[in-house]
Amino acid sequence: MKIMVCLKQVPHQDARLDVRADGTWIQEDNIKFEINSYDTYALEEALRAKDEDDSTEVVAVSVGPDRVTQALRTALGMGADRAVHVNDPEAQGSDALGTAKILAAVAKEENPDIIYAGLMADDDNLAAVPPMLAELAGIASTTGALKVSKANGTVTVDREIEGGSHEVVEVQTPCLIAVQTGLNQVRYASLKGIMKAKKKPLDVKTAADLGLSGQVGAGAAKVKVESISPPPKGDRAEIIEGSAAEAAAGLMAKIKELGLL
Ligand SMILES: Cc1cc2nc3c(=O)[nH]c(=O)nc-3n(C[C@H](O)[C@H](O)[C@H](O)COP(=O)(O)OP(=O)(O)OC[C@H]3O[C@@H](n4cnc5c(N)ncnc54)[C@H](O)[C@@H]3O)c2cc1C
């Protein structure tokens with residue numbers, strides 16, 4: 001079995017984010033990045049399939065600038081066999097469709113049985129790339145996986161739906177599964193794994209290599225980011241003193257005072 005894992009690199013959760021001078025993106029210099037939290041569960045799920053059957057090949061794929069190499073080396077250190085990095089200035093600024101086109105072109109070359117992706121990106125939260133990728137790759141897909149089991153080409157997915165209810169769906173491979181956080185317990189890359197990762201193949205591709213010249217990137221984006229702005233500074237937080245009971249009573253009084261009840 002071959003499993004492709006889509007990994008997005010996002011600003012580290014503790015990173016201090018400043019808006020770029022042109023107001024359309026964040027200042028990326030001097031901030032730390034990390035693998036999108038949802039994608040760490042996606043990668044772990046693929047590696048567990050490899051634990052079960054060592055003939056399973058796990059390919060980590062990411063679209064982004066030079067900094068993404070670090071995320072892919074981490075994935076190789078955790079146990080992925082190979083990595084594909086689509087690193088091309090022409091691909092920068094791609095909207096969700098552009099990103100999905102690139103990943104679908106890689107999927108066409110790799111021909112995986114399963115594609116694992118995150119339900120959404122921690123930074124842009126679009127939750128759009130995975131279903132778009134599946135559509136462009138012409139494969140079945142489901143999202144919000146909280147439990148995954150596989151048997152004879154059928155993947156059974158327990159997914160969370162409205163109100164915390166669960167729905168169990170079956171998809172035939174090849175398919176894409178977009179995973180929810182909490183799907184599993186994510187492992188850390190071992191020192192031995194990190195050492196081995198240095199020798200594992202990491203292929204770098206361009207839009208042209210994938211036959212996508214002129215079809216991706218900021219130039220081809222159908223959705224343009226007009227502006228981004230930091231969250232508005234909220235009113236001063238108020239500390240409600242006293243015992244738990246007094247604080248609860250104080251909070252209720254405040255809520256009523258604000259007309260929230
Ligand atoms: C400098 C800059 C400018 C941008 N300008 C625009 C713009 O003008 N318009 C616009 O719409 N978007 C723009 N984007 C891209 C946008 O930020 C999103 O990345 C893109 O729209 C996809 O949405 P998402 O990240 O919310 O992913 P989602 O739709 O939430 O998808 C989440 C899942 O898809 C997979 N995935 C997503 N991105 C990648 C990736 N790069 N590599 C591998 N797997 C991935 C992962 O598994 C991830 O968990 C820009 C990005 C940058 C860095």
- Query: Hey, what do the phi angles of the range 9-16 turn into as Karplus ³J(HN,Hα) couplings, whole Hz, using 6.51/-1.76/1.60 and θ = phi - 60°, x for Gly and Pro?
  - Reply: 9, 10, x, 4, 4, 9, 5, 8
- Task: Give the angle, between 0 and 90 degrees and rounded to the nearest 10, that separates the Cα long axis of helix 96-110 from the longest principal axis of the Cα atoms of the chain.
- Result: 30 degrees
- Note on the structure: For the range 182-227, listing trypsin sites (Lys or Arg not before Pro) in a DSSP loop whose Cβ sees at most 14 other Cβ atoms within 10 Å gives Lys198, Lys199, Lys222, Lys224
- Query: So, in Å, what gap is there between the alpha-carbon centers of the range 204-235 and the range 110-168?
  - Reply: 23 Å
- Message: Treating only the Cβ of Lys, Arg, Asp and Glu as charged (+1, +1, -1, -1), what charge dipole size does the range 2-220 show about its Cα centre? Round to the nearest 20 debye.
- Response: 720 debye
- At 7 Å along the Cα-to-beta-carbon direction for both Ile161 and Ser55, put a label point, then send me their distance in nm to one decimal. 3.7 nm
- At R0 = 25 Å the Cβ-Cβ FRET efficiency linking Lys199 and Asp123, nearest 0.05, sits at 0.20
- Query: Where in the range 217-233 is the amide nitrogen less than 19 Å from a point lying 7 Å along the Cα-to-Cβ axis of Val19?
  - Reply: 224-233
- Note on the structure: Rounded to the nearest 10, the angle in degrees between the Cα long axis of helix 244-257 and the longest principal axis of the Cα atoms of the chain comes to 90 degrees
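Tell me, what is the percent relative contact order of the chain, built from C-alpha pairs under 8 Å that lie six or more residues apart? Please report the intermediate quantities before stating the final value.
Values: 496 pairs, mean separation 64.8, N = 261.
So the answer I get is 25 percent.
Every number in this text was worked out from the coordinates using simple rules, so none of it is lab data. For clarity, every value in this text was computed on a predicted model and none was experimentally measured. Positions of Cβ are generated from backbone atoms using ideal geometry, with glycine treated the same way; all protein chains shown enter the neighbour counts.
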